[in-house]
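Written below as structure tokens is the structure these notes are about.
No value in this document is a laboratory result; all are computed from the given coordinates. Here the structure is a predicted model, which is why all the values come from computation and not from measurement. Counting neighbours? That spans all protein chains shown, and the Cβs are built from the backbone with ideal geometry, glycine included.
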Amino acid sequence: MKKVLAILFAATLILTTLLGSHSILAETMAAAEGSDEEAAEGAAWTGEVEKVVMTWIHGGNDNVYLEKVQSTLNDYLRDKAGVEIEFRQVSVFDAPSRYTMWIGGGEEVDLMGIAYVGLGIFIQMNMLEPLDDYLACAPHIQAMQEAGYPLYDTDPAEGIHGINVVAQYFGRGGAFQIYTDVLEATGLPFEDGDIVTMDDVDQIAHKVKELNPNAYVGVYGSTPRSDYTFINDPLGVTVSSGVILGLDSTKVVDYFETDEYKKYLEVLRGWYNDGLVLKDAATTDAAQTGVQMLNDADNCPMMWNEGDPGLTNNYESNGRDISNLFLKEIYYPAINSASTCYWTVPVTAKHPEAAMRLLDLMYSDPFVYNTMIYGVEGINYEFADEEKTSINLLPDDSYWALGIYGNQELMWRSGEPNEEMDEKLAAWNETALKNKTAGFGFCYDSSNMINQITALDAVLSEYRAALETGSANLDTVYPEFINKLKANGIDDVIADKQAQFDAWLNEQ
């Protein structure tokens, strides 16, 4: 529970401090508006106004402002889309069981967010309507999908059952993060944004250690970082079931037997022996990840992390610039439905078309999205600029929302406008959309291999922390690790994933 809360809080912190005003999004929205003459003219809704019962997912406590938010939105939505919302609050932790109870009991729910759990179980229990026949009510969502945004769910069941949240930034781009002044002091020919090798990073780390004998790299056993160092796609699940390498490969291989993984282990073992990794790193709690780089910056000026502009901005909150040295290009792997939120229409919906009209506005209308995220102007926030793209939260405001209510690219920035950050986010996203792996759009169904994967994950828990912090002797522990993976069926799981992936490729 605490780990999930930490993940949700970290995600929300990032999402509520950034705004991406992205060119791809603007072009897509313009195209969608242009395809609907009435919408382009801003015509008021003239049909019947329908109530949409929509789930409001929170982190544990009911939102005390939600009645006012609902009223504010309804005053806008009646004329805009013929919709009135009735929010139904539910904790993200209780949602799966509540949904089963509500839908099983025939209760009306028109728009339902399924967050951080897979769609598969709800589809298998026939709780979700296919959305294919309702997409005509959501032209902006269709346009974004056609532009390359991964909105439609990847569950192997026939039909579209969920619409994915659009993140402010997406894709992956693992980097070796180092304070810029520390990097410059080394005199080595590297700078922010460079693509480097593991040998380059090794050279940099040792030079920093030479200049500062107390220096160490932020490496922690509870949060393995090897996957930041090379392009790999586990095809919607965990690396224990195999990965494809690079952007073009379609061959599923054992992640832990790749040359790239072994190179990472060799470098980390050298760092451990040379004092660049703390001796207790293998047992350090996940909560410590990144803390040293902020609070012990003089001694911990380096760590592995995603190199995206959002996280970089957060780690620069102590006033020191960070350089990202990328070990791979920014890319977009397959998506796991259990790691995001999908918006769905349950079979008990009474107004599915109205639900889709509302959902379309959550992906295209800044007022609708931001009212859900930030609350009501004058109560929870005030605008910080004349253009109304940045806000200041009011001192007594306690409004809090998960960033899952549609299209995060519409989010107003909290604080002063930051065009440089917007441009960095735009560049990051555009690169990710251009660099999709061959597995993008596929998601492995591991249900037939659940026993093997459970056993494999237990092996990873036993060995991975020690190996990836350099704490283990590679000559003895690494072969033992590989043999144990094989003994617990990793080759069978990889074969099953390959067969599913091949079948999916043949249908494309």
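Suppose the chain between Thr431 and Asp199 were pulled fully straight at 0.36 nm per residue; how much longer would it get relative to their current alpha carbon spacing? Working shown, then result.
Values: separation 232, 0.36 × 232 = 83.52 nm, distance 2.52 nm.
Contour length minus Cα-Cα distance gives 81.0 nm.
Considering only Cα-Cα distances, which of the following residue pairs are longer than 31 Å: Lys251/Lys484; Lys207/Lys486; Lys207/Lys497; Lys262/Lys434? Walk me through the numbers before you get to the answer.
On the way: Lys251/Lys484 22 Å; Lys207/Lys486 39 Å; Lys207/Lys497 43 Å; Lys262/Lys434 29 Å.
Too far apart for the 31 Å limit: Lys207/Lys486; Lys207/Lys497.
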A correct Karplus calculation of ³J(HN,Hα) over segment 158-164, with 6.51 cos²θ - 1.76 cosθ + 1.60, θ = phi - 60°, whole Hz and x for Gly and Pro, returns 5, x, 9, 10, x, 10, 6
Let me know the whole percent of all Cα-Cα pairs from segment 58-213 that are separated by more than 18 Å. 74
Label points 7 Å out from Cα along the Cβ direction at Gln124 and Asp274: separation in nm? 4.9
Using the basic label-point model (7 angstrom from Cα toward the beta carbon), what is the Glu386 to Val253 distance in nanometres? 5.8
Measure off 7 Å from each Cα along the Cα-to-Cβ vector at Asp492 and Leu211, then give the distance between these two points in nanometres to one decimal. 5.3
Taking segment 461-508, the equivalent ellipsoid from its C-alpha gyration tensor has semi-axes in Å, biggest first, of 31, 12, 8
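Rounded to the nearest 5, what is the percent of antiparallel bridges among the DSSP beta bridges in the chain?
Working: 25 of 43 bridges.
About 60 percent, rounded to the nearest 5.
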Efficiency of FRET between Glu266 and Glu423 - r from beta-carbon atoms, R0 30 angstrom, step 0.05: 0.20
Any chance you could give the angle, 0 to 90 degrees and rounded to 10, that helix 490-507 forms with the longest Cα principal axis of the chain? 40
Compute the long axis of helix 474-487 from its Cα atoms, compare it with the longest principal axis of the Cα atoms of the chain, and write down the angle in degrees, 0 to 90, nearest 10. 50
Placed amide H near Leu128: partners under 5 Å, 5+ positions off or other chain: Val347
Scan around Cys341 for amide H atoms under 5 Å from its own, H built in the peptide plane at 1.01 Å from N, and keep only partners 5 or more places away or cross-chain. Tyr116, Val165
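I need to check one value: relative contact order of the chain, counting alpha carbon pairs closer than 8 Å and at least 6 residues apart, in percent. If you can, show how the numbers build up before the last one.
Numbers: 957 pairs, mean separation 130.6, N = 508.
Relative contact order here is 26 percent.
Kirkwood hydrodynamic radius of segment 62-126 from all distinct Cα pairs, in Å? Don't jump to the answer; show the numbers that get you there.
Numbers: mean 1/r = 0.0732 Å⁻¹.
Roughly 13.7 Å, rounded to one decimal.
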Return the Cα extents of segment 373-488 along principal axes one, two and three, sorted largest first, each rounded to a whole Å. 63, 36, 32
Just to confirm the number: angle between the C-alpha axis of helix 23-34 and the first principal axis of the chain, 0 to 90 degrees, nearest 10? 20
Quick one: Karplus J couplings for segment 198-213, per residue in order, coefficients 6.51, -1.76, 1.60, θ = phi - 60°, nearest Hz, x for Gly and Pro? 5, 5, 4, 4, 4, 4, 4, 4, 5, 5, 4, 5, 5, 6, 9, x
Cβ crowding within 10 Å averaged over residues, with 182-189, 149-156, 372-379 ranked highest first: 149-156, 372-379, 182-189
For His161, enumerate residues with amide H under 5 Å from its amide H, sequence gap 5+ or separate chain, H modeled in the peptide plane. Leu131, Asp153
Show me, for segment 341-354, the HN-Hα J-couplings you get by feeding each phi into the Karplus relation (A = 6.51, B = -1.76, C = 1.60, θ = phi - 60°), rounded to Hz, glycine and proline as x. 10, 10, 9, 10, 10, x, 5, 8, 5, 9, 9, x, 5, 5
The chain, convex hull of Cα, quarter of hull surface, nm² -> 23.8
